[in-house]
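**Student:** I am attaching a structure below and will ask some questions about it afterwards.
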Amino acid sequence: MKKKLQSSSTATFIRTSRSSAIEAGSYQKTILENGVRVVSEYIPYVHSVSLGMWITVGSRYETELNNGITHFIEHIAFKGTNKRTAAAIAKSLEQVGGYLNAYTSKEHTCFYARVLDEYAPLAFDVLADLITNATLKPKDIEKEKLVVIEEIKQMEDDPLDCVHEYFEQEVYQNHPLHFPILGSPKNIESFTQEEIIEFYHKYYNAQNIIVASAGNLKHDELLNLCNKNFKKNPNYLSLLHNDTDAVVPQQRSVEILKPIQQTHICIGTIGYGAKHDKRFASQVLNTFLGEGMSSRLFQNIRERYGIAYSVYSFNNQMSDTGTVGVYIATDPSQAERCIELVWNELEKIKSGLISKALLQRTKTQIKGNLLLGLESVSNRMSHIASNELYYGQFIPLEEMLNSIEAVTLDDIIQVGQELYQPSRTLLLLLRPDTTIEALR
(Lines give C-alpha, C1' and ligand atoms only; values in the text may rest on other atoms or scores of the structure.)
Protein backbone atom coordinates (compact mmCIF):
# COMPACT_ATOMS: atom_id res chain seq x y z
CA MET A 1 0.00 0.00 0.00
CA LYS A 2 1.26 3.44 -0.82
CA LYS A 3 2.28 5.61 2.09
CA LYS A 4 0.31 8.74 2.80
CA LEU A 5 1.56 11.93 1.21
CA GLN A 6 1.16 15.18 3.05
CA SER A 7 -2.17 16.70 2.18
CA SER A 8 -0.39 19.88 1.15
CA SER A 9 1.74 18.00 -1.34
CA THR A 10 0.83 19.41 -4.73
CA ALA A 11 2.08 19.54 -8.28
CA THR A 12 2.12 23.08 -9.63
CA PHE A 13 3.43 24.55 -12.85
CA ILE A 14 4.22 28.17 -13.62
CA ARG A 15 2.59 29.43 -16.79
CA THR A 16 2.92 32.84 -18.32
CA SER A 17 1.42 32.25 -21.76
CA ARG A 18 -1.98 33.78 -22.55
CA SER A 19 -3.05 30.36 -23.82
CA SER A 20 -2.79 28.81 -20.35
CA ALA A 21 -6.11 27.25 -19.44
CA ILE A 22 -4.97 26.02 -16.02
CA GLU A 23 -3.34 28.74 -13.94
CA ALA A 24 -0.24 28.25 -11.78
CA GLY A 25 -1.10 26.65 -8.48
CA SER A 26 -4.68 25.73 -9.39
CA TYR A 27 -3.87 22.06 -10.07
CA GLN A 28 -3.22 19.90 -7.00
CA LYS A 29 -2.75 16.21 -6.37
CA THR A 30 -2.79 14.14 -3.20
CA ILE A 31 -2.60 10.40 -2.65
CA LEU A 32 -4.55 9.41 0.44
CA GLU A 33 -3.31 6.79 2.88
CA ASN A 34 -5.77 4.25 1.50
CA GLY A 35 -4.49 4.74 -2.05
CA VAL A 36 -7.21 6.99 -3.51
CA ARG A 37 -5.67 9.50 -5.92
CA VAL A 38 -7.21 12.96 -5.69
CA VAL A 39 -6.65 15.59 -8.39
CA SER A 40 -8.32 18.95 -8.65
CA GLU A 41 -8.36 22.31 -10.36
CA TYR A 42 -9.75 25.19 -8.33
CA ILE A 43 -11.63 27.71 -10.47
CA PRO A 44 -12.99 30.38 -8.12
CA TYR A 45 -14.75 32.49 -10.75
CA VAL A 46 -17.38 29.85 -11.70
CA HIS A 47 -20.49 28.85 -9.76
CA SER A 48 -20.31 25.12 -10.42
CA VAL A 49 -18.27 22.03 -9.67
CA SER A 50 -17.68 19.06 -11.94
CA LEU A 51 -16.82 15.88 -10.05
CA GLY A 52 -15.73 12.51 -11.37
CA MET A 53 -14.81 9.23 -9.74
CA TRP A 54 -12.85 6.91 -12.02
CA ILE A 55 -12.35 3.22 -11.32
CA THR A 56 -9.45 1.82 -13.31
CA VAL A 57 -11.25 -1.26 -14.59
CA GLY A 58 -12.85 -1.81 -17.99
CA SER A 59 -13.66 -4.56 -20.44
CA ARG A 60 -10.01 -5.37 -21.15
CA TYR A 61 -9.79 -6.91 -17.66
CA GLU A 62 -12.63 -9.32 -18.34
CA THR A 63 -12.68 -12.87 -19.66
CA GLU A 64 -14.69 -14.56 -22.38
CA LEU A 65 -17.14 -15.81 -19.75
CA ASN A 66 -17.68 -12.58 -17.79
CA ASN A 67 -17.34 -10.08 -20.65
CA GLY A 68 -19.81 -7.27 -20.04
CA ILE A 69 -19.73 -7.44 -16.24
CA THR A 70 -17.89 -4.13 -15.79
CA HIS A 71 -20.54 -2.24 -17.74
CA PHE A 72 -23.30 -4.18 -15.98
CA ILE A 73 -21.96 -3.14 -12.56
CA GLU A 74 -21.95 0.48 -13.70
CA HIS A 75 -25.68 0.03 -14.38
CA ILE A 76 -26.60 -1.90 -11.26
CA ALA A 77 -24.90 0.61 -8.96
CA PHE A 78 -27.69 3.07 -9.80
CA LYS A 79 -30.38 0.60 -8.66
CA GLY A 80 -29.80 1.26 -4.98
CA THR A 81 -27.25 1.66 -2.19
CA ASN A 82 -27.29 1.22 1.57
CA LYS A 83 -28.35 4.88 1.83
CA ARG A 84 -30.51 5.51 -1.25
CA THR A 85 -33.13 3.82 -3.37
CA ALA A 86 -32.91 3.99 -7.17
CA ALA A 87 -35.53 6.76 -7.16
CA ALA A 88 -33.59 8.72 -4.52
CA ILE A 89 -30.41 8.43 -6.60
CA ALA A 90 -32.23 9.69 -9.70
CA LYS A 91 -33.70 12.67 -7.84
CA SER A 92 -30.66 13.50 -5.73
CA LEU A 93 -28.93 15.91 -8.09
CA GLU A 94 -31.66 16.64 -10.62
CA GLN A 95 -33.76 18.29 -7.94
CA VAL A 96 -30.98 20.83 -7.32
CA GLY A 97 -30.41 21.49 -11.02
CA GLY A 98 -27.42 19.19 -11.44
CA TYR A 99 -26.84 16.00 -13.41
CA LEU A 100 -25.46 12.56 -12.71
CA ASN A 101 -24.24 9.90 -15.12
CA ALA A 102 -21.65 7.20 -15.76
CA TYR A 103 -19.92 5.31 -18.56
CA THR A 104 -17.68 2.30 -19.07
CA SER A 105 -14.75 2.05 -21.47
CA LYS A 106 -12.23 -0.66 -22.24
CA GLU A 107 -9.88 0.61 -19.51
CA HIS A 108 -11.93 2.42 -16.89
CA THR A 109 -15.37 3.19 -15.46
CA CYS A 110 -16.42 6.73 -14.60
CA PHE A 111 -19.23 8.10 -12.45
CA TYR A 112 -19.56 11.86 -12.80
CA ALA A 113 -21.71 14.80 -11.80
CA ARG A 114 -21.98 18.56 -12.17
CA VAL A 115 -23.75 20.80 -9.69
CA LEU A 116 -23.79 24.35 -8.36
CA ASP A 117 -20.84 24.76 -6.00
CA GLU A 118 -23.06 24.85 -2.89
CA TYR A 119 -24.19 21.29 -3.67
CA ALA A 120 -20.68 19.85 -4.14
CA PRO A 121 -20.82 17.89 -0.84
CA LEU A 122 -24.12 16.33 -1.92
CA ALA A 123 -22.75 15.37 -5.35
CA PHE A 124 -19.64 13.87 -3.79
CA ASP A 125 -21.72 11.88 -1.31
CA VAL A 126 -23.92 10.47 -4.08
CA LEU A 127 -20.95 9.47 -6.24
CA ALA A 128 -19.07 7.87 -3.35
CA ASP A 129 -22.25 6.08 -2.32
CA LEU A 130 -22.60 4.54 -5.78
CA ILE A 131 -19.09 3.14 -5.92
CA THR A 132 -18.77 1.95 -2.32
CA ASN A 133 -22.26 1.04 -1.11
CA ALA A 134 -24.19 -0.52 -4.00
CA THR A 135 -26.57 -3.18 -2.64
CA LEU A 136 -26.57 -5.39 -5.77
CA LYS A 137 -29.89 -7.06 -4.88
CA PRO A 138 -30.99 -10.14 -6.87
CA LYS A 139 -34.31 -8.59 -8.01
CA ASP A 140 -32.49 -5.46 -9.24
CA ILE A 141 -29.91 -7.58 -11.04
CA GLU A 142 -32.56 -9.57 -12.89
CA LYS A 143 -34.46 -6.45 -13.90
CA GLU A 144 -31.33 -4.64 -15.08
CA LYS A 145 -30.33 -7.62 -17.20
CA LEU A 146 -33.36 -6.84 -19.36
CA VAL A 147 -32.32 -3.18 -19.62
CA VAL A 148 -28.75 -3.94 -20.66
CA ILE A 149 -29.89 -6.52 -23.22
CA GLU A 150 -32.13 -3.82 -24.71
CA GLU A 151 -29.10 -1.50 -24.81
CA ILE A 152 -27.20 -4.16 -26.76
CA LYS A 153 -30.10 -4.49 -29.19
CA GLN A 154 -30.19 -0.72 -29.64
CA MET A 155 -26.48 -0.70 -30.44
CA GLU A 156 -26.95 -3.50 -32.96
CA ASP A 157 -29.77 -1.52 -34.62
CA ASP A 158 -27.49 1.49 -35.11
CA PRO A 159 -25.00 0.83 -37.94
CA LEU A 160 -22.75 3.72 -36.85
CA ASP A 161 -22.36 2.21 -33.39
CA CYS A 162 -22.00 -1.41 -34.34
CA VAL A 163 -19.60 -0.91 -37.25
CA HIS A 164 -17.01 0.57 -34.88
CA GLU A 165 -17.65 -2.20 -32.37
CA TYR A 166 -17.16 -4.82 -35.08
CA PHE A 167 -14.02 -3.02 -36.25
CA GLU A 168 -12.37 -3.21 -32.82
CA GLN A 169 -13.41 -6.83 -32.39
CA GLU A 170 -11.72 -7.69 -35.68
CA VAL A 171 -8.61 -5.52 -35.35
CA TYR A 172 -7.74 -6.87 -31.87
CA GLN A 173 -8.80 -10.43 -32.77
CA ASN A 174 -8.19 -12.75 -29.79
CA HIS A 175 -6.81 -10.12 -27.40
CA PRO A 176 -9.12 -9.06 -24.50
CA LEU A 177 -9.40 -5.63 -26.12
CA HIS A 178 -11.64 -7.24 -28.71
CA PHE A 179 -14.34 -7.80 -26.09
CA PRO A 180 -17.38 -5.55 -26.62
CA ILE A 181 -17.89 -3.22 -23.67
CA LEU A 182 -21.57 -4.13 -23.39
CA GLY A 183 -20.91 -7.86 -23.50
CA SER A 184 -23.35 -10.33 -25.06
CA PRO A 185 -26.97 -11.16 -24.11
CA LYS A 186 -25.82 -14.69 -23.28
CA ASN A 187 -23.24 -13.44 -20.80
CA ILE A 188 -25.57 -10.85 -19.27
CA GLU A 189 -28.23 -13.49 -18.64
CA SER A 190 -25.69 -15.78 -16.98
CA PHE A 191 -24.40 -13.33 -14.33
CA THR A 192 -25.12 -14.37 -10.75
CA GLN A 193 -25.28 -12.10 -7.72
CA GLU A 194 -22.23 -13.84 -6.23
CA GLU A 195 -20.19 -13.23 -9.39
CA ILE A 196 -21.19 -9.56 -9.51
CA ILE A 197 -20.45 -8.96 -5.83
CA GLU A 198 -17.04 -10.64 -6.16
CA PHE A 199 -16.09 -8.49 -9.17
CA TYR A 200 -17.43 -5.32 -7.52
CA HIS A 201 -15.39 -5.76 -4.34
CA LYS A 202 -12.34 -6.97 -6.22
CA TYR A 203 -11.98 -3.87 -8.38
CA TYR A 204 -14.03 -1.12 -6.75
CA ASN A 205 -11.47 -0.44 -4.05
CA ALA A 206 -9.51 2.61 -2.97
CA GLN A 207 -6.32 1.69 -4.81
CA ASN A 208 -8.17 1.73 -8.12
CA ILE A 209 -10.07 5.01 -7.57
CA ILE A 210 -9.22 8.44 -8.93
CA VAL A 211 -11.26 11.42 -7.71
CA ALA A 212 -11.18 14.47 -9.96
CA SER A 213 -12.72 17.88 -9.46
CA ALA A 214 -12.80 21.12 -11.44
CA GLY A 215 -14.66 24.24 -10.45
CA ASN A 216 -15.34 26.27 -7.33
CA LEU A 217 -14.14 23.69 -4.83
CA LYS A 218 -10.81 24.01 -3.03
CA HIS A 219 -8.47 21.05 -2.85
CA ASP A 220 -8.55 20.90 0.96
CA GLU A 221 -12.35 20.84 0.88
CA LEU A 222 -12.20 17.99 -1.63
CA LEU A 223 -9.80 16.08 0.64
CA ASN A 224 -12.17 16.50 3.57
CA LEU A 225 -14.97 15.00 1.48
CA CYS A 226 -12.71 12.09 0.51
CA ASN A 227 -11.71 11.37 4.10
CA LYS A 228 -15.36 11.49 5.15
CA ASN A 229 -16.64 9.17 2.42
CA PHE A 230 -13.81 6.70 1.76
CA LYS A 231 -12.80 4.22 4.42
CA LYS A 232 -9.36 2.72 4.77
CA ASN A 233 -9.02 -0.18 2.39
CA PRO A 234 -5.71 -2.06 2.71
CA ASN A 235 -6.82 -4.94 0.47
CA TYR A 236 -6.47 -4.17 -3.19
CA LEU A 237 -5.62 -5.71 -6.52
CA SER A 238 -3.07 -4.15 -8.83
CA LEU A 239 -4.40 -4.23 -12.37
CA LEU A 240 -2.09 -5.53 -15.07
CA HIS A 241 -2.70 -4.98 -18.77
CA ASN A 242 -2.65 -7.89 -21.14
CA ASP A 243 0.31 -7.49 -23.48
CA THR A 244 -0.86 -5.77 -26.65
CA ASP A 245 2.47 -6.42 -28.37
CA ALA A 246 1.10 -9.86 -29.11
CA VAL A 247 -1.49 -8.30 -31.44
CA VAL A 248 -0.08 -8.19 -34.96
CA PRO A 249 -2.25 -6.27 -37.45
CA GLN A 250 -2.81 -8.15 -40.68
CA GLN A 251 -4.37 -7.28 -43.99
CA ARG A 252 -7.91 -8.59 -43.95
CA SER A 253 -11.31 -7.85 -45.39
CA VAL A 254 -14.42 -8.60 -43.35
CA GLU A 255 -17.97 -8.33 -44.65
CA ILE A 256 -21.05 -8.32 -42.42
CA LEU A 257 -24.62 -8.25 -43.69
CA LYS A 258 -27.44 -6.36 -41.97
CA PRO A 259 -30.91 -5.19 -43.07
CA ILE A 260 -29.78 -1.61 -43.75
CA GLN A 261 -29.74 0.72 -46.75
CA GLN A 262 -26.17 2.05 -46.79
CA THR A 263 -22.77 0.38 -46.81
CA HIS A 264 -20.78 1.39 -43.73
CA ILE A 265 -17.02 1.23 -44.19
CA CYS A 266 -14.15 1.18 -41.69
CA ILE A 267 -10.60 1.15 -43.02
CA GLY A 268 -7.93 1.14 -40.34
CA THR A 269 -5.44 -0.58 -38.11
CA ILE A 270 -3.76 -0.56 -34.71
CA GLY A 271 -2.29 2.84 -33.83
CA TYR A 272 -0.32 4.36 -30.98
CA GLY A 273 -1.04 4.51 -27.27
CA ALA A 274 -1.34 7.64 -25.14
CA LYS A 275 2.33 7.48 -24.12
CA HIS A 276 3.82 6.84 -27.56
CA ASP A 277 6.29 9.45 -28.78
CA LYS A 278 4.51 9.59 -32.15
CA ARG A 279 1.04 10.21 -30.72
CA PHE A 280 1.04 13.92 -31.58
CA ALA A 281 2.08 13.29 -35.17
CA SER A 282 -0.70 10.72 -35.41
CA GLN A 283 -3.15 13.30 -34.08
CA VAL A 284 -2.06 15.89 -36.65
CA LEU A 285 -2.32 13.33 -39.46
CA ASN A 286 -5.81 12.35 -38.31
CA THR A 287 -7.03 15.95 -38.16
CA PHE A 288 -5.63 16.73 -41.58
CA LEU A 289 -7.13 13.56 -43.04
CA GLY A 290 -10.66 13.54 -41.70
CA GLU A 291 -11.60 15.87 -38.84
CA GLY A 292 -13.99 18.64 -39.71
CA MET A 293 -15.38 20.13 -42.90
CA SER A 294 -11.99 21.37 -44.08
CA SER A 295 -10.36 17.92 -43.94
CA ARG A 296 -9.13 16.16 -47.06
CA LEU A 297 -11.69 13.36 -46.91
CA PHE A 298 -14.67 15.65 -46.32
CA GLN A 299 -13.67 18.04 -49.06
CA ASN A 300 -13.00 15.25 -51.54
CA ILE A 301 -15.57 12.52 -50.90
CA ARG A 302 -18.48 14.68 -49.75
CA GLU A 303 -17.93 18.13 -51.27
CA ARG A 304 -16.25 17.25 -54.55
CA TYR A 305 -18.00 13.98 -55.45
CA GLY A 306 -21.08 14.09 -53.22
CA ILE A 307 -21.08 10.34 -52.65
CA ALA A 308 -21.28 10.30 -48.83
CA TYR A 309 -22.97 12.29 -46.10
CA SER A 310 -20.90 10.96 -43.20
CA VAL A 311 -17.14 10.66 -43.63
CA TYR A 312 -14.39 11.13 -41.05
CA SER A 313 -11.19 9.65 -39.66
CA PHE A 314 -10.54 8.52 -36.09
CA ASN A 315 -7.55 8.25 -33.78
CA ASN A 316 -8.52 6.43 -30.58
CA GLN A 317 -5.83 6.11 -27.92
CA MET A 318 -5.67 3.90 -24.85
CA SER A 319 -2.83 3.58 -22.37
CA ASP A 320 -0.65 1.27 -24.46
CA THR A 321 -2.32 1.00 -27.85
CA GLY A 322 -5.02 2.51 -30.04
CA THR A 323 -6.81 2.39 -33.36
CA VAL A 324 -6.66 4.67 -36.38
CA GLY A 325 -8.83 4.63 -39.44
CA VAL A 326 -11.53 6.09 -41.65
CA TYR A 327 -15.31 5.70 -41.50
CA ILE A 328 -17.69 6.29 -44.42
CA ALA A 329 -21.38 5.61 -44.95
CA THR A 330 -22.42 5.53 -48.60
CA ASP A 331 -24.69 3.94 -51.16
CA PRO A 332 -23.61 0.35 -51.90
CA SER A 333 -22.89 1.32 -55.51
CA GLN A 334 -20.32 3.90 -54.33
CA ALA A 335 -18.49 1.78 -51.74
CA GLU A 336 -15.58 0.74 -53.93
CA ARG A 337 -15.16 4.29 -55.18
CA CYS A 338 -15.02 5.61 -51.61
CA ILE A 339 -12.40 3.05 -50.63
CA GLU A 340 -10.32 4.05 -53.65
CA LEU A 341 -10.56 7.75 -52.74
CA VAL A 342 -9.48 7.05 -49.16
CA TRP A 343 -6.36 5.23 -50.32
CA ASN A 344 -5.63 8.04 -52.79
CA GLU A 345 -5.61 10.55 -49.93
CA LEU A 346 -3.48 8.30 -47.76
CA GLU A 347 -0.93 7.84 -50.53
CA LYS A 348 -0.70 11.61 -50.99
CA ILE A 349 0.02 12.03 -47.29
CA LYS A 350 2.59 9.22 -47.30
CA SER A 351 4.26 10.89 -50.30
CA GLY A 352 4.51 14.22 -48.49
CA LEU A 353 2.04 16.09 -50.70
CA ILE A 354 1.14 18.51 -47.90
CA SER A 355 2.11 22.17 -47.99
CA LYS A 356 3.73 23.81 -44.98
CA ALA A 357 0.83 26.25 -44.81
CA LEU A 358 -1.70 23.41 -44.64
CA LEU A 359 0.32 21.62 -41.99
CA GLN A 360 0.46 24.78 -39.89
CA ARG A 361 -3.28 25.34 -40.30
CA THR A 362 -3.93 21.82 -39.08
CA LYS A 363 -1.79 22.30 -35.98
CA THR A 364 -3.54 25.58 -35.26
CA GLN A 365 -6.88 23.79 -35.58
CA ILE A 366 -5.87 21.15 -33.02
CA LYS A 367 -4.55 23.69 -30.54
CA GLY A 368 -7.64 25.81 -30.93
CA ASN A 369 -9.94 22.84 -30.35
CA LEU A 370 -7.97 21.88 -27.25
CA LEU A 371 -8.13 25.36 -25.75
CA LEU A 372 -11.80 25.87 -26.59
CA GLY A 373 -12.61 22.50 -25.06
CA LEU A 374 -11.00 23.58 -21.79
CA GLU A 375 -13.49 26.43 -21.53
CA SER A 376 -15.85 23.75 -20.18
CA VAL A 377 -15.54 22.93 -16.48
CA SER A 378 -16.57 19.32 -17.18
CA ASN A 379 -13.89 18.99 -19.85
CA ARG A 380 -11.29 20.38 -17.48
CA MET A 381 -12.24 17.79 -14.89
CA SER A 382 -11.91 15.04 -17.50
CA HIS A 383 -8.62 16.54 -18.70
CA ILE A 384 -6.87 16.34 -15.32
CA ALA A 385 -8.37 12.90 -14.65
CA SER A 386 -7.09 11.61 -18.00
CA ASN A 387 -3.63 12.96 -17.19
CA GLU A 388 -3.64 10.96 -13.99
CA LEU A 389 -5.07 7.84 -15.66
CA TYR A 390 -2.52 7.72 -18.48
CA TYR A 391 0.56 9.48 -17.12
CA GLY A 392 0.23 9.47 -13.35
CA GLN A 393 0.92 13.18 -13.32
CA PHE A 394 -0.31 16.48 -14.71
CA ILE A 395 1.06 17.40 -18.14
CA PRO A 396 1.31 21.20 -18.48
CA LEU A 397 -0.83 22.59 -21.26
CA GLU A 398 2.13 24.43 -22.77
CA GLU A 399 3.97 21.13 -23.06
CA MET A 400 1.09 19.64 -25.03
CA LEU A 401 0.79 22.69 -27.27
CA ASN A 402 4.54 22.70 -27.91
CA SER A 403 4.45 18.99 -28.78
CA ILE A 404 1.73 19.63 -31.34
CA GLU A 405 3.61 22.59 -32.78
CA ALA A 406 6.81 20.54 -33.03
CA VAL A 407 5.26 18.02 -35.46
CA THR A 408 6.98 18.23 -38.86
CA LEU A 409 6.05 17.11 -42.34
CA ASP A 410 8.61 14.31 -42.05
CA ASP A 411 6.84 13.13 -38.88
CA ILE A 412 3.52 12.99 -40.74
CA ILE A 413 5.06 11.04 -43.63
CA GLN A 414 6.73 8.57 -41.26
CA VAL A 415 3.56 7.94 -39.27
CA GLY A 416 1.46 7.59 -42.43
CA GLN A 417 3.89 5.09 -43.94
CA GLU A 418 4.19 3.18 -40.68
CA LEU A 419 0.48 2.89 -39.88
CA TYR A 420 -1.29 2.83 -43.22
CA GLN A 421 0.44 -0.04 -44.92
CA PRO A 422 -1.98 -2.19 -46.94
CA SER A 423 -0.34 -5.26 -45.40
CA ARG A 424 -1.53 -4.28 -41.89
CA THR A 425 -4.90 -2.68 -42.68
CA LEU A 426 -8.35 -4.06 -41.92
CA LEU A 427 -11.23 -3.31 -44.28
CA LEU A 428 -14.59 -3.86 -42.60
CA LEU A 429 -17.78 -3.54 -44.62
CA LEU A 430 -21.25 -3.49 -43.10
CA ARG A 431 -23.35 -4.18 -46.19
CA PRO A 432 -27.12 -4.20 -46.76
CA ASP A 433 -28.69 -7.64 -46.57
CA THR A 434 -31.50 -7.45 -49.10
CA THR A 435 -32.79 -10.98 -48.72
CA ILE A 436 -36.48 -11.30 -47.97
CA GLU A 437 -35.74 -12.95 -44.60
CA ALA A 438 -33.51 -10.06 -43.51
CA LEU A 439 -36.08 -7.41 -44.41
CA ARG A 440 -38.92 -9.08 -42.51
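The values are calculated or read from the model by the stated rules, or taken from the named source; none is laboratory data. Since we're looking at a predicted model, the values are computed, not measured. Heads up, the Cβs are rebuilt from the backbone with ideal geometry, glycines too, and the neighbour counts pull from every protein chain shown. These area figures cover heavy atoms from the full protein model, side chains too; ligands, DNA and RNA do not enter into them. Shrake-Rupley method; radii C 1.70, N 1.55, O 1.52, S 1.80 Å.
**Student:** Just grab the label-to-label distance for Tyr45 and Ala87, each label 7 Å out from Cα along the Cβ direction, in nm (one decimal).
**Tutor:** 4.4 nm
**Student:** Taking the alpha-carbon distance from Lys348 and a cut-off under 17 Å, which lysines remain once sequence neighbours fewer than 8 residues away in the same chain are dropped?
**Tutor:** By straight Cα distance, Lys348 reaches Lys356.
**Student:** Moving on. Tell me the label-point distance for the pair Gln173, Ser105, using the 7 Å Cα-to-Cβ offset, in nm and rounded to one decimal.
**Tutor:** 2.6 nm
**Student:** In addition: Taking R0 as 41 Å, what's the FRET efficiency between Gln360 and Lys139 from their Cβ-Cβ distance, rounded to 0.05?
**Tutor:** 0.10
**Student:** Follow-up. Once you place label points 7 Å from the Cα toward the Cβ at Tyr305 and Leu371, how far apart are they in nm?
**Tutor:** Label-label distance for Tyr305 and Leu371, simple model: 3.7 nm.
**Student:** Tell me what the chain gives for mean residue ellipticity at 222 nm when only DSSP H runs of n ≥ 4 count, each as -39,500 (n - 2.57), the sum divided by the residue total, rounded to 500 deg cm²/dmol.
**Tutor:** -12500 deg cm²/dmol
**Student:** Go ahead and run the numbers for FRET between Leu146 and Ala406, Cβ-Cβ distance against an R0 of 60 Å, rounding to 0.05.
**Tutor:** Using R0 = 60 Å, I get an efficiency of 0.70.
**Student:** In degrees between 0 and 90, to the nearest 10, how far off the longest principal axis of the chain does helix 279-290 point, with axes built from Cα atoms?
**Tutor:** 50 degrees
**Student:** Can you tell me how the stretch 136-192 classifies by the Cα gyration tensor, rounded, prolate or oblate, using a/c under 1.5 as the rounded cut?
**Tutor:** Oblate.
**Student:** When the chain is fully extended, how far beyond the present Cα-Cα distance does Glu418 get from Ser253, taking 0.36 nm per residue of separation?
**Tutor:** Contour length minus Cα-Cα distance gives 57.4 nm.
**Student:** Also, quick follow-up: Hey, what's the chain come to in accessible area per residue, 1.4 Å probe, Å²?
**Tutor:** Heavy-atom accessible area per residue stands at 46 Å².
**Student:** Moving on. Return the Cα extents of the chain along principal axes one, two and three, sorted largest first, each rounded to a whole Å.
**Tutor:** Taking max minus min along each principal axis of the Cα atoms, the chain gives 60, 60, 41 Å.
**Student:** Where Lys and Arg each count +1 and Asp and Glu each count -1, what net charge lies around Thr56 among other residues with Cβ under 13 Å from its Cβ?
**Tutor:** Once all neighbours under 13 Å are counted, the net charge is +2.
**Student:** A further question follows. Kindly express, to the nearest 10 degrees and within the range 0 to 90, the angle between helix 193-203's C-alpha long axis and the longest C-alpha principal axis of the chain.
**Tutor:** Here the helix axis deviates by roughly 90 degrees.
**Student:** Still on this model: For helix 356-373, report the angle its Cα long axis makes with the longest principal axis of the Cα atoms of the chain; keep it between 0 and 90° and round to the nearest 10°.
**Tutor:** It works out to around 30 degrees.
**Student:** Still on this model: Under 15 Å from the Cβ of Asn300, count the other residues' Cβ atoms, weight Lys and Arg +1, Asp and Glu -1, and hand me the total.
**Tutor:** Its environment carries a net charge of 0.
**Student:** Looking at this model, which pairs from Lys143/Lys202; Lys83/Lys137; Lys137/Lys231; Lys91/Lys145 are more than 19 angstrom apart at the alpha-carbon?
**Tutor:** Working: Lys143/Lys202 23 Å; Lys83/Lys137 14 Å; Lys137/Lys231 22 Å; Lys91/Lys145 23 Å.
Beyond 19 Å between Cα atoms: Lys143/Lys202; Lys137/Lys231; Lys91/Lys145.
**Student:** Enumerate the aspartates and glutamates that Lys139 could reach by cross-link, defined here as Cα to Cα under 17 Å, with residues fewer than 8 away along the same chain left out.
**Tutor:** Glu74, Glu189, Glu194, Glu195
**Student:** Of all the accessible heavy-atom surface of the chain, with the other protein chains kept in place and a 1.4 Å probe, what percent is carbon and sulfur?
**Tutor:** 50 percent
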